[in-house]
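Beneath this line is the structure, given in structure tokens, with notes to follow.
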Amino acid sequence: MREAEISRAIVEAYFNDLLESLSLDVAIVGAGPSGMVAGYYLAKNGAKVAIFEKKLSIGGGIWGGAMGFNRVVVQEEAREILDEFGIGYRPFRDGLYVADAIEMATTLASRAVKAGVKVFNMVEVEDLVVKENRVAGIVINWTPVKMTGLHVDPLTVEARFVVDSTGHGAQISGHLLKRGLIERIPGEGPMWAEKGEELTVKHTGEAFPGLYVTGMAANALAGAPRMGPIFGGMLLSGRKAAFEILEKLR
Ligand code: 48F
């Protein structure tokens with residue numbers, strides 16, 4: 001067993017995947033619930049898709065449940081997505097179900113990867129490629145480069161569609177705002193679970209030619225309320241974006 005061979009195995013495998021992912025049908029930014037669900041349905045239906053996640057871990061806001069109590073609530077409308085993924089849950093009251101946050105994060109990730117999604121963690125999307133008023137790709141850099149503030153140029157990935165699944169900050173749409181390509185991002189409103197859940201799904205869609213928004217990023221763009229630790233809207237949002245994009249890819 002030679003150390004250099006271990007290194008060669010890693011470098012070859014990683015860079016083969018990265019090379020293969022430099023030209024995508026869909027580049028998803030953010031491996032939270034909405035991004036992973038979108039990735040799963042896209043890959044399962046034949047799209048070439050990768051998720052770029054700036055943190056070491058995938059899962060976004062799932063892990064901590066609420067206040068670190070690692071359970072999340074899902075409403076009736078999204079139960080079929082839990083079933084599709086094989087995530088367990090217990091009925092509570094009023095059409096609510098409780099799922100284990102750890103099971104949700106790991107199962108969403110596992111099923112997305114097994115469906116064919118490539119996940120590149122520790123990679124921050126620092127900008128967008130925009131050509132002739134259409135988003136045409138993403139600009140990526142290593143998270144440690146961003147954290148240390150080193151002056152290192154990025155790489156670029158071309159994609160027919162980019163999905164902003166970056167959560168509360170809507171970071172990717174923010175690059176369009178900075179360039180005056182969209183007018184404003186009002187940011188999410190104060191807590192109102194029912195309304196926030198409904199509007200997350202409603203506002204999921206193409207926010208700019210070539211750029212879709214999902215989950216809390218959709219709420220931030222629309223100025224819709226936050227909703228806390230209820231996750232059905234995130235799951236439904238990811239699925240909605242995936243099927244709208246699949247339709248356009250066809
Ligand atoms: O925040 P996040 O979980 O997004 P979401 O799918 O779900 C929101 C819920 O978790 C929760 C909630 C539900 O009621 O309110 O907050 O909308 O995941 C967003 C992911 O995007 C990553 C970030 O690290 C997180 O894992 N991310 C953010 N900016 C970038 C990024 C970036 N520039 N490049 C790569 N990843």
Q) About its Cα centre, how strong a charge dipole does the stretch 20-160 have in debye, to the nearest 20, once Lys and Arg get +1 and Asp and Glu get -1 at the Cβ? A) 160
Q: Please work out how much length the chain gains when fully extended from Thr148 to Ser23, using 0.36 nm per residue of separation minus the C-alpha to C-alpha distance, in nm with one decimal.
A: 42.2 nm
**Q.** Among Met234, Met147, Met191, residue whose mean-square fluctuation peaks in a GNM of the chain (springs only between Cα atoms under 10 Å)
**A.** Met147
Q: Please give the peptides 131-143, 47-59 ranked by average Cβ packing (other Cβ atoms within 10 Å per residue), highest first, as a rough proxy for protection.
A: 47-59, 131-143
Q. Build a GNM of the chain with springs between Cα atoms under 10 Å: which of Met36, Met67, Met216 gets the top mean-square fluctuation?
A. Met67
Q: Pick out which of Ile62, Ile87, Ile28 has the largest mean-square fluctuation in a Gaussian network model of the chain, springs linking Cα atoms closer than 10 Å.
A: Ile87
Q: Would you mind getting the Kirkwood hydrodynamic radius of the chain from its Cα pairs, rounded to one decimal in Å?
A: 18.3
(Q) How many angstrom lie between the Cα centre of the stretch 216-232 and the Cα centre of the stretch 45-113? (A) 16
(Q) Quick check on the chain: of the DSSP beta bridges with both residues there, what percent are antiparallel, nearest 5%? (A) 55
(Q) Taking 2.2 N^0.38 Å as the expected size of a compact globular protein, what ratio does the Cα radius of gyration of the stretch 84-142 give against it, to two decimals? (A) 1.71
(Q) Output needed for the stretch 127-250: three equivalent-ellipsoid semi-axes, defined as square roots of 5 times the C-alpha gyration tensor eigenvalues, in descending order, whole Å. (A) 25, 18, 13
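Which GluC sites (Glu not before Pro) in the stretch 176-206 pass both tests, a DSSP loop state and at most 13 other beta-carbon atoms within 10 Å?
On the way: sites: Glu183, Glu188, Glu194, Glu197, Glu198, Glu206; in loops: Glu183, Glu188.
Of the GluC sites (Glu not before Pro), the ones in loops of the stretch 176-206 whose Cβ has at most 13 other Cβ atoms within 10 Å are Glu183.
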Q. Relative contact order for the chain using alpha-carbon pairs under 8 Å, separation at least 6, rounded to a whole percent?
A. 23
**Q.** Charge dipole of the stretch 40-151 about the Cα centre (unit charges at C-beta), most positive-ward option of Asn70, Phe52, Ala101
**A.** Phe52
Q: Any chance you could run the full-extension gain for Lys202 through Asp94? It's 0.36 nm times the residue separation minus the Cα-Cα distance, nm to one decimal.
A: 36.7 nm
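Please work out the Cα convex hull volume for the stretch 1-135 and give it in Å³ per residue. Don't skip to the end; give the middle numbers.
Numbers: hull volume 22.4 nm³, N = 135.
In the stretch 1-135, the Cα convex hull volume per residue is 166 Å³.
Laboratory data are not the source of any read-out in this text; all were calculated from the coordinates shown. On a predicted model such as this, the values are computed, not experimentally measured, just so you know. Reconstructed Cβ throughout: ideal geometry from the backbone, glycine too, with neighbour counts over all protein chains shown.
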